[in-house]
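Peer 1: For reference, the structure I am asking about is given below.
The values are calculated or read from the model by the stated rules, or taken from the named source; none is laboratory data. This structure is a prediction, so every number in the text was calculated from the model and none was measured. Methodologically, a virtual Cβ is constructed for each residue, glycine included, from the backbone with ideal geometry; neighbour enumeration extends over all protein chains shown.
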Amino acid sequence: MPQNISTNQTAQLKNITIIRLIKENIVKNILILFFSVIFYFPLFQALKQVQPVQLNDFLLILSMFIVAACFANFTFTYEKSNILLVSQRMFSHFVTFMFMLLLALLLDALVISVGFVYPQLYSIIFVFSILIYLSVALYDFWDILRAKL
């Protein structure tokens, strides 16, 4: 009988941990959204002062940074972290926070730049950027749920 209690306690701990992980991840994503919105306006003002001809080169550089940020984010996995240890879990959240925030800010800059250089494509790029970020956020939730508990 003690084995059943132990198994039951382990299952309860796993459920509590999964709920905690999801809550922590939601807070992380809300913070990223908050910072992304806050930095949108300073980015807009800074890019507004750049000549449209120069923005074409900037768009190329942005695309390289976006690829690098996506690669780094998808390379990291919660599976390799001991997420039951608070220090490793918080460090893992911090790492993914930085990658995802960088990606959100790069996508902000991309949308703003395209709006200046190719205004007719603004809404398309805006929707694509939302889909890219949403995919990264969903991947992050999936990755955290497959972590070893």
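Peer 1: Restricting to the stretch 116-125, give me the number of residues that are at pLDDT 95 or above and surrounded by 15 or more Cβ atoms within 10 Å (Cβ to Cβ).
Peer 2: Number of matching residues: 2.
Peer 1: Conditions first: (1) in contact with a helix residue (DSSP H, G or I) (Cβ under 8 Å, 6 or more places away or on another chain); (2) closer than 26 Å to Ile19 by Cα; (3) at pLDDT below 95. Trp142 passes all but one, so which condition is the exception?
Peer 2: Of (1) in contact with a helix residue (DSSP H, G or I) (Cβ under 8 Å, 6 or more places away or on another chain); (2) closer than 26 Å to Ile19 by Cα; (3) at pLDDT below 95, only one is false for Trp142: (1).
Peer 1: Suppose we keep only residues that are within 15 Å of the chain's Cα centre (by Cα) and in a loop (DSSP other than H, G, I, E, B) within the stretch 71-81. Which one would you say is surrounded by the most Cβ atoms within 10 Å (Cβ to Cβ)? Lay out the reasoning, then the answer.
Peer 2: Narrowing the stretch 71-81 to residues within 15 Å of the chain's Cα centre (by Cα): 71-78.
Checking which are in a loop (DSSP other than H, G, I, E, B) leaves us with 76-77.
Numbers: Phe76: 17, Thr77: 13.
Among those that are within 15 Å of the chain's Cα centre (by Cα) and in a loop (DSSP other than H, G, I, E, B), it is Phe76.
Yes/no per residue for (1) farther than 18 Å from Val27 by Cα; (2) out of contact with any Leu (no Cβ under 7 Å at 6 or more places or on another chain):
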position: Asp57; (1), (2): yes, yes
position: Leu60; (1), (2): yes, yes
position: Phe65; (1), (2): yes, no
position: Thr75; (1), (2): yes, yes
position: Lys80; (1), (2): yes, yes
position: Ser87; (1), (2): no, yes
position: Phe94; (1), (2): no, yes
position: Leu101; (1), (2): no, yes
position: Leu107; (1), (2): yes, yes
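Peer 1: Residue check: is Ser92 modelled with pLDDT under 95 and either farther than 15 Å from Val114 by Cβ or exposed (fewer than 15 other Cβ atoms within 10 Å of the Cβ) (or both)?
Peer 2: Working: modelled with pLDDT under 95: yes; either farther than 15 Å from Val114 by Cβ or exposed (fewer than 15 other Cβ atoms within 10 Å of the Cβ) (or both): yes.
Yes, satisfied.
Peer 1: Then there is this: Given the conditions (1) modelled with pLDDT of 90 or more; (2) among the basic types (Lys, Arg); (3) surrounded by 15 or more Cβ atoms within 10 Å (Cβ to Cβ), and given that Lys48 satisfies all but one, which numbered condition is not satisfied?
Peer 2: Unmet for Lys48, out of (1) modelled with pLDDT of 90 or more; (2) among the basic types (Lys, Arg); (3) surrounded by 15 or more Cβ atoms within 10 Å (Cβ to Cβ): (3).
Peer 1: Suppose we filter Leu59, Leu107, Leu84 for residues that are crowded, with 19+ Cβ neighbours inside 10 Å and either touching a Lys or Arg at 6+ places or on another chain (Cβ under 8 Å) or in contact (Cβ under 8 Å) with a residue 24 or more places away in the chain (or both); which single one remains? First the steps, then the outcome.
Peer 2: Working: Leu59 fails: crowded, with 19+ Cβ neighbours inside 10 Å; Leu84 fails: crowded, with 19+ Cβ neighbours inside 10 Å.
So the residue among Leu59, Leu107, Leu84 that is crowded, with 19+ Cβ neighbours inside 10 Å and either touching a Lys or Arg at 6+ places or on another chain (Cβ under 8 Å) or in contact (Cβ under 8 Å) with a residue 24 or more places away in the chain (or both) is Leu107.
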